[in-house]
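So the structure is just underneath, and the comments pick up after that.
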Amino acid sequence: MPVAKIENLVKKFGDAVAVDNVSLQIEQGEIFGILGPNGAGKSTIINVICGLLSFDAGKVEILGREIKRDPVYCKRNIGIVPQDIAIYEDLSAFENVKFFATLYGLRGMGLKERVEEALDFVGLKDKAHSYPKAFSGGMKRRLNIACALAHRPKLIIMDEPTVGIDPQSRNHILRSVKKLNELGCTIIYTSHYMEEVEEICSKIAIIDHGKVIAEGTKDELKAIVMNTNGVWITVDSVHQVSAERLKEIKGVVHVEIKDNTVKITSSADINNLDKIILYFTGNGIPLKNIESKAPDLETVFLTLTGRKLRD
Amino acid sequence: MAVFSIFTKELKHNTRNLKGMILMVLFPIILIVVLGTALSGMFDRSSEFKDIRVLYKDPGDKPLSQAFAEFRKHGTEMGITFTKTESSEQGVENIKNRRYTCFVNVSDEGLELTKTDWSALKANLVEAVLKTFVERYKTVAVVAQVNPQAVPQMIKNSQAGDFVQVSSLGEKPRPRAMDYYAITMLTLITLYSSLTGVYAIRNEKTLKTAGRLLCAPVGRYELLLGKALGALFITLIQVLVVLLFSKYLLKTYWGEHLGTIFLLVSAEVVMAVSLGIGVAFLLRSEAAISGVLNMVIPILVFFGGGYIPLDGFNKTVLLIANASPLRWINTTLMAVIYANDFSSVAAAIGFNLGLGAVFLSIAAYAIRREGALL
Ligand SMILES: Nc1ncnc2c1ncn2[C@@H]1O[C@H](COP(=O)(O)OP(=O)(O)OP(=O)(O)O)[C@@H](O)[C@H]1O
Ligand SMILES: [Mg+2]
């Protein structure tokens, strides 16, 4: 039985279709990544799964029960880490976690233990009685996660839990996601950082404009773009470089110019590196560095949509 | 259980909110002290009753003799001097001579009060107190207009003869400034507990915690109930603190029925907190909410007599004033405290609780909307 099953989900805001016929199946023990640019519909899908939003068509099941029929059962088994930090600044870390735990029916002796366990898990045990007012962004993010854990949900949904924090806190969070998974939790993880998703997720769905445009394991997704090659060329000044002209070279599918680097994606079956280099030298642009890049999820997204995941 | 969790969480928010505590507890106490002291001259009864000399004729066996004796007793405490005379002619004569403020004749027909122009103000005061004092009985005031040239003209005024419910005046017949403002400031500040109601709802929106609450296996009505109860409870505590502080430390007069007083104020708390909760659901922007409340509250306070007593206003104003739930609370409080008059208690409580129920129903209806809290 899948932990979460979404069939032909449609969610509209007025006339705008935020989720357009999405079907996903999340199995026990997976870290399921939902990857997509801003406004793709990630949060909307998640809010539907956790019963926060109603939907216009389709079916959502948690642990085999339909969320519309049995919302209390479904909600009990979900822990949600919202995209926006949702904690009370005037309650201590301990009180925050405890409050949300009681909403899930925890009480008595077990309650205190579970709260401490959750705080320990995110590395805030020694800050249990401090107020979030004094917390750094990363600490708040971690408390935001702890609030979803104390009731030991079977399914934990994290909506961009690492937005806007320092690398140290981010690593801590990524490690704890893996640890939670090892403890038996199924996790849905949304992000628009493909490195993160690549690092921790066992299965990934790429969403754009409310639609699933690709789905599979990391390797399955990369196979989609195995027939492309990337070459990054660093120059002194990109002033004279014309993406249009580069695209005229046979085999080039995409050109992106950022800072002093020109990133060129080409079909793997055509060897055009000589022509590319000739373009630069022929136009009197000295090359500083040439790098060959293996395809990553960014390339996958780029190939599928013709757009960058992040701008 | 969830209701209780939410309830206790609300208490924590409120007790840790220093600004709110200052507004709801410290501010009214300061207002009572400042207004009560600064404006005490307006209410000083010793100056009003000073130099009032009442001449009276009372054989002692008349129907109103006993009531009049009571009046004399309290009048003396208020600083009025009473002098007895045996003849009515002599009494009226002494008024014309301006030796006394007024002359009261206790006869078989009731009470007859004779006054002249020069002492009219003070005599009116005596008449007013006397009227209230013996409202149950037939009081007839005879006003003698004394004109230096002409013969005094006696006018019979039977208007005061209406059979009104008894209102025996207590130990303190008139409120001091401090007493008046203790009542009006307490009921004024209670209206501001609507902000506690607004905050209870808006807080979850601004903190984005509403989503989390709605993702938990908790019903929307449980959420609303926990929040409403939390806001009500904390406000009741705040009001009680102000009430007890003013009674025991400022020594303001709250009458002999503190329980009833607290019930009345509690009804107002229910109305105000529910108003805040209702408005928080009806209007989406913070600016609109505070705009509406900042408009509504002063209107309610004005028509409640919170700024100035409304007694001198015309009928239309008084009629509109009846729509102010605060007016009901204030007049009923006055009646209970100063006249042991409980006749409007049920109506005042009912009106306020009824309005509260309306506002809460609006909230209960609105919270079902999907985006109500998001
Ligand atoms: N409450 C709402 N009312 C109207 N439109 C909305 C609402 N919530 C989301 N949308 C729209 O639905 C679309 C999907 O939004 P959503 O928040 O799901 O995207 P997202 O993938 O989570 O983006 P981000 O990475 O920025 O969080 C967007 O176009 C957004 O403007
Ligand atoms: Mg989002």
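The values are calculated or read from the model by the stated rules, or taken from the named source; none is laboratory data. Not measured: the values here are computed from a predicted model. No Cβ is skipped: glycine too gets one built from the backbone with ideal geometry, and neighbour counts run over all protein chains shown.
Numbers below:
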item	result
Residue check for B:Gly211: part of a helix (DSSP H, G or I) and at pLDDT below 95	yes
Boolean, B:Gly219 is within 14 Å of another protein chain (Cβ to nearest Cβ) and surrounded by fewer than 16 Cβ atoms within 10 Å (Cβ to Cβ)	yes
Of residues in segment A:154-185 being at negative phi and among the small types (Gly, Ala, Ser), the one nearest to ligand 1 (Cβ to nearest atom)	A:Ser169
Matching residues, segment A:254-267, being in a loop (DSSP other than H, G, I, E, B) and touching a Ser or Thr at 6+ places or on another chain (Cβ under 6 Å)	A:Asn260
Test for A:Val97: is it closer than 26 Å to B:Thr15 by Cα, surrounded by 18 or more Cβ atoms within 10 Å (Cβ to Cβ) and more than 16 Å from ligand 2 (Cβ to nearest atom)	yes
Those residues of segment A:77-94 which are at the interface with another protein chain (Cβ under 8 Å from one of its Cβ atoms), touching a Leu at 6+ places or on another chain (Cβ under 7 Å) and not hydroxyl-bearing (Ser, Thr, Tyr), in sequence order	A:Ile78, A:Ala86, A:Ile87
Of residues in segment A:56-67 being within 14 Å of A:Ala4 (Cβ to Cβ) and in a loop (DSSP other than H, G, I, E, B), the one farthest from the other protein chains (Cβ to nearest Cβ)	A:Gly64
Some residue of segment A:137-150 being in a loop (DSSP other than H, G, I, E, B), more than 16 Å from ligand 1 (Cβ to nearest atom) and over 23 Å from A:Leu63 (Cβ atoms)	no
From the options A:Lys75, A:Lys11, A:Lys98, residue that is over 30 Å from A:Pro132 (Cα atoms) and in the same structural domain as A:Arg141 (by TED's automatic domain parsing)	A:Lys11
Test: residue in segment B:310-331 that is polar (S, T, N, Q) and touching a residue at least 60 places away in the same chain (Cβ under 8 Å)	yes
Flag if A:Glu196 is within 16 Å of ligand 1 (Cβ to nearest atom), more than 14 Å from chain B (Cβ to nearest Cβ) and at negative phi	yes
Unmet criterion (only one of (1) at pLDDT below 95; (2) more than 23 Å from A:Lys179 (Cβ to Cβ)) for A:Met139	(2)
Residue pairs meeting the criteria (Cβ under 6 Å; at least 6 apart or on separate chains; first assigned by TED's automatic domain parsing to the domain that holds A:Val81 and on the phi > 0 side of the Ramachandran plot, in segment A:34-45; second assigned to a loop (DSSP other than H, G, I, E, B) and more than 8 Å from ligand 2 (Cβ to nearest atom))	A:Gly41/A:Gly210
Matching option when the condition is within 30 Å of A:Glu117 (Cβ to Cβ), β-branched (Val, Ile, Thr) and modelled with pLDDT under 90, among A:Ile165, A:Ile187	A:Ile165
Single condition A:Phe13 does not satisfy, out of (1) away from chain B (no Cβ under 14 Å); (2) surrounded by fewer than 16 Cβ atoms within 10 Å (Cβ to Cβ); (3) within 16 Å of ligand 2 (Cβ to nearest atom)	(1)
Residue count for segment B:80-114, restricted to those that are more than 39 Å from the chain's Cα centre (by Cα), surrounded by fewer than 16 Cβ atoms within 10 Å (Cβ to Cβ) and among the hydroxyl-bearing types (Ser, Thr, Tyr)	2
Which numbered condition A:Phe135 fails, given (1) of a type in the set (A, V, I, L, M, F, W, C); (2) closer than 24 Å to A:Cys50 by Cα; (3) away from ligand 2 (no atom under 16 Å from the Cβ)	(2)
Complete set of residues in segment A:1-28 that are touching a His at 6+ places or on another chain (Cβ under 9 Å) and within 9 Å of ligand 1 (Cβ to nearest atom)	A:Val17
Residue check for A:Cys74: farther than 30 Å from B:Thr15 by Cα, within 12 Å of chain B (Cβ to nearest Cβ), in contact (Cβ under 8 Å) with a residue 40 or more places away in the chain and crowded, with 19+ Cβ neighbours inside 10 Å	no
Selected residue (criterion: nearest to ligand 2 (Cβ to nearest atom)) from residues of segment A:165-205 that are touching a helix residue (DSSP H, G or I) at 6+ places or on another chain (Cβ under 6 Å) and closer than 17 Å to A:Asn38 by Cβ	A:Thr190
Segment A:29-45, subset more than 6 Å from ligand 1 (Cβ to nearest atom) and within 27 Å of A:Glu182 (Cβ to Cβ), residue farthest from the chain's Cα centre (by Cα)	A:Gly29
Which listed residue is closer than 27 Å to B:Ile201 by Cβ and over 12 Å from the mean Cα position of the chain (by Cα), from B:Leu282, B:Leu318	B:Leu282
Qualifying positions in segment B:116-130 - of a type outside the set (A, V, I, L, M, F, W, C), at pLDDT 70 or above and within 27 Å of B:Tyr338 (Cα to Cα)	B:Lys122, B:Glu127
Filter result (part of a loop (DSSP other than H, G, I, E, B) and under 24 Å from B:Ser266 (Cβ atoms)) within segment B:310-336	B:Leu310, B:Asn322, B:Ala323, B:Ser324
Residue tally, condition within 10 Å of another protein chain (Cβ to nearest Cβ) and either among the polar types (S, T, N, Q) or within 19 Å of the chain's Cα centre (by Cα) (or both), over segment B:1-42	5
Count - residues of segment A:32-66 that are among the aliphatic types (A, V, I, L, M), away from ligand 2 (no atom under 13 Å from the Cβ) and surrounded by fewer than 23 Cβ atoms within 10 Å (Cβ to Cβ)	3
Tally of residues being within 12 Å of another protein chain (Cβ to nearest Cβ) and more than 28 Å from the chain's Cα centre (by Cα) across segment A:95-144	8
Yes/no for A:Val22 being of a type in the set (Val, Ile, Thr), within 14 Å of chain B (Cβ to nearest Cβ) and within 23 Å of the chain's Cα centre (by Cα)	no
